[in-house]
Amino acid sequence: EPPPPMGNFESIWTFCGVFVSLLMLLYFSDAIAKRNPQYSLVLGPFGALMTLQYGLTAAPASQPRNAVLGQVIALSIALGMTYTKLETNVRRSLGTALAISAMTRLGITHPPAGAAALIFTGGGYNWGHLGIMLAGNVLAIFSATVINDMNATRQYPTFWGFGYWYKHFGYRKRRIE
């Protein structure tokens, strides 16, 4: 059975959160473009991010770890693909497929990052754009945390999750024998 729709109050809260967050991101993008016209946020994936952060607050894909690390992995792969001599459609398909499969393998699936990978593999972007996208994600996480947590019926994020890899793959005390 599908989940029930949000009530009126929750829908209005979602509207306000998305409006304020996107307005902040648009002003951030304008400020960057004013300093250097070659740079700005690629805004399409942020519409998808707002859907996750305000419409599906508990979904694993909307959590900060997935948003930040998924975006870094996907865009790194996408930008790396632009150095290949592959035909554009093959490059875009392959880069996006690699990015999404890497995110799923690493447990950091984030649909907006898959969309960003598809955009970035088309070319015309550089590593500076990755930094701007990462900063935009951090701003979006900050605003979603503040706005969602002002409502007693919402919680975002439900987990931060950045210690997971450290705990499972990182530093471990070595036994001295």
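The values are calculated or read from the model by the stated rules, or taken from the named source; none is laboratory data. Note that the coordinates shown come from a computational prediction; the quantities given were computed from them, not determined experimentally. Please note: Cβ atoms are built from the backbone with ideal geometry, for glycine as well, and neighbour counts cover all protein chains shown. Note: areas computed on protein heavy atoms with side chains; ligands, DNA, RNA excluded. Shrake-Rupley method; radii C 1.70, N 1.55, O 1.52, S 1.80 Å.
What number goes with the only condition from (1) closer than 17 Å to Asn126 by Cα; (2) at pLDDT 95 or above that Ile12 does not pass?
In the conditions (1) closer than 17 Å to Asn126 by Cα; (2) at pLDDT 95 or above, Ile12 misses (1) alone.
Considering only region 134-175, state which residues are hydrophobic (A, V, I, L, M, F, W, C), modelled with pLDDT of 90 or more and either under 17 Å from the mean Cα position of the chain (by Cα) or open to solvent by 50 Å² or more (accessible area, probe 1.4 Å) (or both).
Leu134, Ala135, Val138, Leu139, Ala140, Ile141, Phe142, Ala144, Val146, Met150, Ala152, listed by residue number.
If you go through region 77-109, how many residues are within 19 Å of Ala59 (Cα to Cα) and β-branched (Val, Ile, Thr)?
4
Please tell me if Thr121 is over 12 Å from the mean Cα position of the chain (by Cα), polar (S, T, N, Q) and either at positive phi or surrounded by fewer than 15 Cβ atoms within 10 Å (Cβ to Cβ) (or both).
no
Go over the candidates Leu56, Leu86, Leu98 one by one and state the one that is crowded, with 18+ Cβ neighbours inside 10 Å and of a type in the set (A, V, I, L, M).
Going through Leu56, Leu86, Leu98 in turn, just one is crowded, with 18+ Cβ neighbours inside 10 Å and of a type in the set (A, V, I, L, M): Leu98.
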